[in-house]
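Trainee: My questions all concern the structure below.
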Amino acid sequence: RPMCFATNLDKAFENIDCMRVILRCQAKNRFYESTQRLIQPRRVLCEAAIAHYGYSYEQFLAMQASNLRPPEDRERFEHHLRTLPDVQFTQNVGQHCRADGTVIDVSVLSRTLSYAGHRARLAAVHDITQAKLAEQELHRTKKFLDAVIEHVPLPIIVKDVTGLEADAHSSRFTLFNRAYEELTGDSRSELIGKTAHQLFPKDRADLIVRSDNEALRSGQVVLTSEHTIATSHKGTRLVTAKKTTIRDDNGKPQYLLSVVDDVTERRQAEQRIEYLAHTDSLTDLPNRATFVEYLAATLAAASRNGEQFSVLCIDLDRFKEANDTYGHLVGDELLREAARRLKVAAAGEFLARVGGDEFTLIVKGGAQPEAAEALSERLLAAFHDDFEVDGHVLPLSLSIGGAVYPTDGADAKTLMANADATLYQTKAETRGAARFFAVELAAQIRERRDLQKDLKSAVTRNEFFLHYQPQETITSNKTTGFEALVRWQCPKRGLVSPGQFIPVAEESSIIVPLGEWVLREACREAASWSQPLMIAVNVSPVQFHHGDLPRLVHSILLDTGLAPARLELEITEGVLIGDFSRAVSILRRLKTLGVRIAMDDFGSGYSSLSYLHSFPFDKIKIDRSFIGDLEHNHHSMAIVRAIVTLGHSLDVPVLAEGVETEAQHLFLRQEGCDEVQGYLTGRPFPIANYAQLVGREANAELNSIVAR
């Protein structure tokens, strides 16, 4: 509160309200007792001081002024008293000690006067402890806020817009935090106090001013569009900024706050995610999702404009065997090179990789299907030359199935189904070729679906039966065993060829229950023979990898009573392709049961030699494709000769399938082949046709005697 000084002490007391007033004798530097005339007002004032400091009245009178000071400050204060002017116009800010030792901050004003004939000094003491604390708190808060702004990871910019309510063109920068320096590489000291047009190129400065003005006028947070800025050490960066106006107590614009966000990495990551979502990472071609979107857009445009286009479904023939044989690294490189050749041959038409070794192509240019047929020929020609990958020479070919919009399908589902069905038919009949959907093919597709439907119920309706084909030694013509071959007597179709229904059964997994039935029936039949001949049963790759085959075989052997050593399971290389380690583990478990394992169709796959090295097969069966033209094809002769030699070196017997002529039999005998099987030695027939060989008649006579 304002304080009034007066020469009359009473007047001074009256005018200094609610203050701690202390009379001090200048000579003795002690608190002085007032005259009787002033006892009452002084006592009131002293009681306020007494209450505040906690000293008693007597203690106050016995104290010197310096006793109120902390001990370390008393000497300085004594010197200060000696130098005080008569009238102190400047506050003396220091500290006082209360009786309980508490230190308080005080502000003191004083002046000299004459009191009771003595030179005295009237001092007004104001406790500023709370004000000091508030000031310190304000300082800490300011320091804290400065530290926060300095350590905010986003660049912060402040501009002074005082008096600039509509146009920030002349506004000057007043603050940049550390994050701004780290982003741009600019020094704050060179930026503060300047305008945007003094610092930046005109186009960027104009952008800054426009967004500043928008923030000033709108009174809301303004988000600038993404734009690029040049930095001295990070190159070009993509940024955006949020701006808001800070107003004074009267609502007038005072500062403009901008928070900059560097979105460069975020946008790059988003672009990468977008790329991965629509692109096959291995081949850099569009993926299935992109193909579906593009096909939908192409359909919509063609429907509006009355146009035609073709869809080609493309499959790489024998890629899976190469991939499983030489490993995924070779397979991946093979796919990349195949995609490159396809892309070059496609000549700008939309090409996508939709899975594994499957590709699709949309052909929009030119008349259809002529343009698509011409493109198909270019695609096939691109694969005439072998691929060289990691030192391996790998032959690949294409199978292509095509369909034309709207002739072969007016919607995406029908169009793709027909193209895919055409591809499947191409792979089944003429690999390495291109075919387009036709009405006849539609009939074949329907027939195949009907066949699959009838197959599902054929097992439960006992429509299957077995034929048996003998296997003989080549030198003595002695029958060593029989191969069980399944046949299907369909009520609607009559006798269906195995070549017709076996692929359908494998495709639909019907082969699993069918294979179990064949294995059980063959073992049951062989167990009834009095002659302990071998019984050979084919195991399809699908059946081999389904469930627990060793457990199933063990169960069937126990149920039928067939000795394990009389059962020979014939597998193809397809069993070993894929999870090779698991396949070998299954084969070893089967061998543990005492079952024999034969390698069927040897020589027709990629790596028979490595398979023979990895597992001790009990027999090698030469594929019938090498026997059929044995008399006229020197390559077939050489291959058969090599296989027989290989078998003998491994001490594994070799059997030739498909032997139909005496000339073939003679060649095989001369080369040392161990066994033969084919029409020359016996066609597949019901076992009754071979009753004498297996000893069925003897069993019949024995049963008759027992019955009598």
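Trainee: Does a label point 7 Å from the Cα of Arg641, set along Cα-to-beta-carbon, have any residues of the stretch 663-677 with amide nitrogen under 11 Å, and which are they?
Mentor: In the stretch 663-677, the label zone of Arg641 (backbone N under 11 Å from the point 7 Å along Cα→Cβ) covers 671.
Trainee: Which net charge results when you count Lys and Arg as +1 and Asp and Glu as -1 among the other residues whose beta-carbon is under 12 Å from that of Thr283? Before the final figure, lay out each step's value.
Mentor: Details: positive: Arg336, Arg340, Arg341, Lys343, Arg353; negative: Asp280, Asp284, Asp332, Glu333, Glu337, Asp357, Glu358.
Value of the local net charge: -2.
Trainee: Calculate the radius of gyration of the Cα atoms of the stretch 156-248 to one decimal place, then report Dmax, the largest Cα-Cα distance, as a whole number, both in Å.
Mentor: Gyration radius and largest Cα-Cα distance of the stretch 156-248: 12.9, 39 Å.
Trainee: Send over the semi-axes of the stretch 387-490's equivalent ellipsoid, whole angstrom and largest first, taken as the square roots of 5 times the C-alpha gyration tensor eigenvalues. If you can, show how the numbers build up before the last one.
Mentor: Details: eigenvalues 292, 143, 22 Å².
For the stretch 387-490, the ellipsoid semi-axes come out as 38, 27, 10 Å.
Trainee: Taking all protein chains in place and a 1.4 Å probe, what share, in percent, of the accessible surface of the chain do carbon and sulfur account for?
Mentor: Values: 19210 of 36460 Å².
After summing per-atom areas, the C and S share lands at 53 percent.
Trainee: Report the convex hull volume per residue for the stretch 325-449, counting only C-alpha atoms, in Å³. Intermediate results must be reported in sequence, preceding the final value.
Mentor: Details: hull volume 14.7 nm³, N = 125.
For the stretch 325-449, the hull spanned by Cα atoms encloses 117 Å³ per residue.
Trainee: On to the next question. Using the charge dipole of the stretch 370-463 (Lys, Arg: +1 at Cβ; Asp, Glu: -1 at Cβ; taken about the Cα centre), state which of Ala442, Ala381, Pro406 has its Cα farthest towards the positive end.
Mentor: Ala442
Trainee: Here's a follow-up. Provide Lys478, Lys364 ordered by accessible surface of protein heavy atoms (probe 1.4 Å), highest first. Present the calculation step by step, with values, prior to reporting the outcome.
Mentor: Working: Lys478 130, Lys364 100 Å².
From most accessible down to least: Lys478, Lys364.
Trainee: Can I ask one more? Over the chain, average the accessible area per residue using a 1.4 Å probe and give it in Å², no decimals. If you can, show how the numbers build up before the last one.
Mentor: Working: 36460 Å² over 708 residues.
Ligands and nucleic acids excluded, the result is 51 Å² per residue.
Trainee: Here is a follow-up. Could you state the number of Å between the C-alpha centres of the stretch 476-512 and the stretch 260-300?
Mentor: 48
Trainee: Here's something else I'd like to know. Quick one: grab Rg to one decimal and Dmax as a whole number for the stretch 209-308, Cα atoms only, in Å.
Mentor: Radius of gyration, then largest Cα-Cα span, for the stretch 209-308: 22.5, 71 Å.
Trainee: Could you work out the percent of alpha carbon pairs in the stretch 452-508 separated by over 17 Å, rounded to a whole number? Can you show the working numbers first?
Mentor: Details: 743 of 1596 pairs.
Everything past 17 Å amounts to 47 percent.
Trainee: Taking N as the number of residues in the stretch 645-694, what is its Cα Rg relative to 2.2 N^0.38 Å? Could the numbers behind the result be given before it?
Mentor: On the way: Rg = 13.1 Å, N = 50, 2.2 N^0.38 = 9.7 Å.
Compared with the compact-globule rule of thumb, the stretch 645-694 sits at 1.35.
Trainee: So what's the stretch 76-139 giving for Rg/Rh, alpha carbon basis, Kirkwood Rh from the mean inverse pair distance? Write down the numbers at each step before the final one.
Mentor: On the way: Rg = 14.2 Å, Rh = 13.4 Å.
Using only Cα positions, Rg/Rh for the stretch 76-139 is 1.06.
Trainee: Between Leu145 and Asp548, what is the FRET efficiency for a Förster distance of 60 Å, r being their Cβ-Cβ separation, to the nearest 0.05?
Mentor: Efficiency at R0 = 60 Å is approximately 0.25.
Trainee: Something else about it: Once the Cβ-Cβ distance between Ser509 and Val584 is put in as r, and R0 is 25 Å, what FRET efficiency do you end up with, to the nearest 0.05?
Mentor: Working: r = 23 Å, r/R0 = 0.93.
Plugging the Cβ-Cβ distance into 1/(1 + (r/R0)^6) gives 0.60.
Trainee: Considering only protein heavy atoms, with the full assembly of protein chains and a 1.4 angstrom probe, order Ser170, Ser232, Ser310 by accessible area, largest first. Mind showing how you got there, number by number?
Mentor: Values: Ser170 65, Ser232 90, Ser310 0 Å².
So, going from the largest accessible area down, we get Ser232, Ser170, Ser310.
Trainee: If I model a spin label at Glu274 and Ala300 as a point 7 Å from the Cα along the Cα→Cβ vector, what separation in nanometres do I get?
Mentor: Distance between the two pseudo-spin positions: 1.8 nm.
Trainee: Using a 1.4 Å probe and ignoring any ligands, DNA or RNA, find the accessible area of Glu516 and quote it in Å² to the nearest 10.
Mentor: Rounded to the nearest 10, the figure is 70 Å².
Trainee: Please compute, for the alpha-carbon atoms of the stretch 606-684, the extent along each of the three principal axes and give them in descending order in Å.
Mentor: Taking the Cα atoms of the stretch 606-684, the three principal extents are 34, 28, 22 Å.
Trainee: Here is a follow-up. Which FRET efficiency value, to the nearest 0.05, is calculated for Gln692 and Leu329 with the Förster distance at 60 angstrom and r the Cβ-Cβ distance?
Mentor: Numbers: r = 57 Å, r/R0 = 0.96.
Efficiency computed from Cβ-Cβ geometry: 0.55.
Trainee: Which value, in Å² rounded to 10, gives the accessible area of Tyr53 with a 1.4 Å probe and all protein chains present?
Mentor: In the full protein context, Tyr53 sits at about 10 Å².
Trainee: Translational D (Stokes-Einstein, µm²/s) of the chain at 20 °C and 1.002 mPa s when Rh comes from the Kirkwood sum over C-alpha pairs?
Mentor: Working: Rh = 36.7 Å.
Translational diffusion coefficient: 58 µm²/s.
Trainee: Report the Cα-based extents of the stretch 440-547 along its three principal axes, largest first, to the nearest Å.
Mentor: Taking max minus min along each principal axis of the Cα atoms, the stretch 440-547 gives 52, 31, 26 Å.
Trainee: Could I ask something else about it? Based on the mean of other Cβ atoms within 10 Å per residue, sort peptides 490-496, 592-598 so the most packed one is first. Let's see the in-between values first.
Mentor: Numbers: 490-496: 12.0, 592-598: 17.0.
For the peptides 490-496, 592-598, the packing ranking is 592-598, 490-496.
Trainee: Between Asp127 and Glu165, 0.36 nm times their residue separation minus their Cα-Cα distance comes to what?
Mentor: Numbers: separation 38, 0.36 × 38 = 13.68 nm, distance 4.35 nm.
Stretched out fully, the Asp127 to Glu165 stretch lengthens by 9.3 nm.
Trainee: If you line up the long axis of helix 696-707 against the longest principal axis of the chain, both from Cα atoms, how many degrees apart are they, to the nearest 10?
Mentor: 90
Trainee: Taking the simple approach of a point 7 Å from Cα along Cα-to-Cβ for both Arg683 and Ala443, what is their distance in nm?
Mentor: Roughly 2.9 nm, to one decimal.
Trainee: Using +1 at the C-beta of Lys and Arg and -1 at the C-beta of Asp and Glu, which of Asn477, Gln489, Ala458 has the Cα lying farthest in the positive direction of the dipole of the stretch 433-496?
Mentor: Toward the positive end, the furthest listed residue is Ala458.
Trainee: Which order do peptides 665-678, 96-109 fall in by mean Cβ count within 10 Å, highest first?
Mentor: Numbers: 665-678: 19.5, 96-109: 14.9.
With the highest mean Cβ count within 10 Å placed first, the list reads 665-678, 96-109.
Trainee: Just from its helices, what would the mean residue ellipticity at 222 nm be for the chain, if runs of 4 or more DSSP H residues each count -39500 (n - 2.57) and the sum is divided by every residue, rounded to the nearest 500 deg cm²/dmol?
Mentor: Values: 26 runs with 309 residues, N = 708.
About -13500 deg cm²/dmol.
The values are calculated or read from the model by the stated rules, or taken from the named source; none is laboratory data. As the structure is a prediction and not an experimental result, all values here were calculated from the model. So basically every Cβ, Gly included, is an ideal-geometry build from the backbone, and we count neighbours across all protein chains shown. Please note that ligands, DNA and RNA were not included when accessible areas were found on the heavy atoms of the full protein model with its side chains. Shrake-Rupley method; radii C 1.70, N 1.55, O 1.52, S 1.80 Å.
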